[in-house]
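Below is one structure, written out as structure tokens; the observations come after it.
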Amino acid sequence: MSDSEEGRRFRALFISDVHLGTKGCQAELLLDFLKHHDADTLYLVGDIVDGWRLRQSWYWPQTHNDVVQKLLRKARKGAKVVYLPGNHDEFLRSYYGSHFGGIEVVETAIHESANGKRYLVIHGDIFDMVVRHAKWLAFLGDWAYETALTVNTYLNLFRRKLGFPYWSLSAWAKLKVKNAVNFIGKFEETLSAEARKQDVEGVICGHIHHAAMHEMNGVDYINTGDWVESCTAVAENYDGRFELIRWAEHAAAPAAPAAVAPEQPGVRAAA
């Protein structure tokens, strides 16, 4: 039986970068998304829990606990739930091969779509040179990012009072700063090259909080985005087609059908 209420069911769902344990986490929107979407397989593609932030100061409201319970409930009701830890929940990397409440913890996964295409599923931080070789700089960047999200929270409170939809200041700034744009491009190239190296047709990742779905270096590059800035998820339909779902846009206009990004020309869909 579906856990959704008048929602959609998919062959697979991919979400990442929820950052439970931080004030920037859009837990309410994620709960609403999980209420209306089910899948045979649910991939948690890293940074679901933010261990970095929780080590500094404890923040765990009821809504964050509700997200965990919702995920556990989906596992109990028969969904295969696969957790691939990222750098912010790296404490779980000591538990590869373990199961917690029906949720399997693995380092990477190979997802085979309905049309037989194989996708490497990985968080992606191991290909981020800042995280690998200058963790102190990554922590500094994390602090600056958290500050930007705090500003963004107050900005959106003001926007809601004026009747405007959710808008991400940090996501907008990311696409306006040349170094950030260059980093995104390099990250996409590196992950696509890894997919080619592993002889698969595509890669599904997270980490950089920039949802995307296009062809890169002859393979399908799919980034799930996040639930801090963009509130996005990736879904595979039963015919093998992938969708990028932007749930914040749907929540801003509840009377409209779920907002789905148009399929990018570079991503080949199943017939």
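Data table
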| quantity | calculated |
| --- | --- |
| Residue match in segment 181-191 (condition: more than 17 Å from the chain's Cα centre (by Cα), under 19 Å from residue 17 (Cβ atoms) and at pLDDT 90 or above) | yes |
| Count of residues meeting criterion [over 14 Å from residue 119 (Cα atoms), out of contact with any Asp or Glu (no Cβ under 7 Å at 6 or more places or on another chain) and not hydrophobic (A, V, I, L, M, F, W, C)] in segment 202-224 | 1 |
| Which numbered condition residue 167 fails, given (1) at negative phi; (2) at pLDDT 75 or above | (2) |
| Candidate set: segment 1-27, residues that are among the aliphatic types (A, V, I, L, M) and assigned to a loop (DSSP other than H, G, I, E, B); chosen: the one modelled with the highest pLDDT | 18 |
| Options 120, 149: the member that is part of a strand (DSSP E or B), aliphatic (A, V, I, L, M) and at pLDDT 60 or above | 120 |
| Checking residue 30 against (1) touching a residue at least 60 places away in the same chain (Cβ under 8 Å); (2) within 30 Å of residue 196 (Cα to Cα); (3) not in a loop (DSSP other than H, G, I, E, B), the condition it does not meet | (2) |
| Contacts under 9 angstrom Cβ, first residue in segment 201-217 being within 15 Å of residue 19 (Cα to Cα), partner aromatic (Phe, Trp, Tyr), 6 or more apart | 206/14; 207/127; 207/187; 208/183; 208/187; 209/145; 210/187 |
| Test: residue 111 is in a loop (DSSP other than H, G, I, E, B) and under 18 Å from the mean Cα position of the chain (by Cα) | no |
| Scan of segment 208-239 for residues that are surrounded by fewer than 24 Cβ atoms within 10 Å (Cβ to Cβ), part of a loop (DSSP other than H, G, I, E, B) and of a type in the set (Asp, Glu), ordered by number | 239 |
| Breaking point among (1) modelled with pLDDT of 95 or more; (2) loosely packed, with under 15 Cβ neighbours inside 10 Å; (3) more than 18 Å from the chain's Cα centre (by Cα), for residue 75 | (2) |
| Any hit, segment 5-17, residues being acidic (Asp, Glu), in contact (Cβ under 8 Å) with a residue 60 or more places away in the chain and crowded, with 19+ Cβ neighbours inside 10 Å | yes |
| Residue within segment 246-260 that is modelled with pLDDT under 90, in a strand (DSSP E or B) and either surrounded by fewer than 14 Cβ atoms within 10 Å (Cβ to Cβ) or in contact with an Asp or Glu (Cβ under 7 Å, 6 or more places away or on another chain) (or both) present | yes |
| Residue within segment 37-49 that is modelled with pLDDT under 95, buried (at least 23 other Cβ atoms within 10 Å of the Cβ), outside any helix (DSSP H, G or I) and of a type in the set (A, V, I, L, M, F, W, C) present | no |
| Residue in segment 191-207 that is farthest from residue 120 (Cα to Cα), counting only those that are of a type in the set (A, V, I, L, M) and surrounded by fewer than 23 Cβ atoms within 10 Å (Cβ to Cβ) | 193 |
| Number of the exception - residue 200 against (1) over 17 Å from the mean Cα position of the chain (by Cα); (2) closer than 18 Å to residue 86 by Cβ; (3) modelled with pLDDT of 85 or more | (2) |
| Residue selected from segment 105-133 under the condition buried (at least 18 other Cβ atoms within 10 Å of the Cβ) and among the acidic types (Asp, Glu), by the criterion nearest to residue 46 (Cα to Cα) | 125 |
| Test result for residue 60, in contact (Cβ under 8 Å) with a residue 24 or more places away in the chain, part of a loop (DSSP other than H, G, I, E, B) and over 13 Å from the mean Cα position of the chain (by Cα) | yes |
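The values are calculated or read from the model by the stated rules, or taken from the named source; none is laboratory data. Predicted, not measured: the structure shown is a model, and the values here were computed from it. Here the Cβ is made from the backbone with ideal geometry for all residues, glycine too, and neighbour counts use every protein chain on show.
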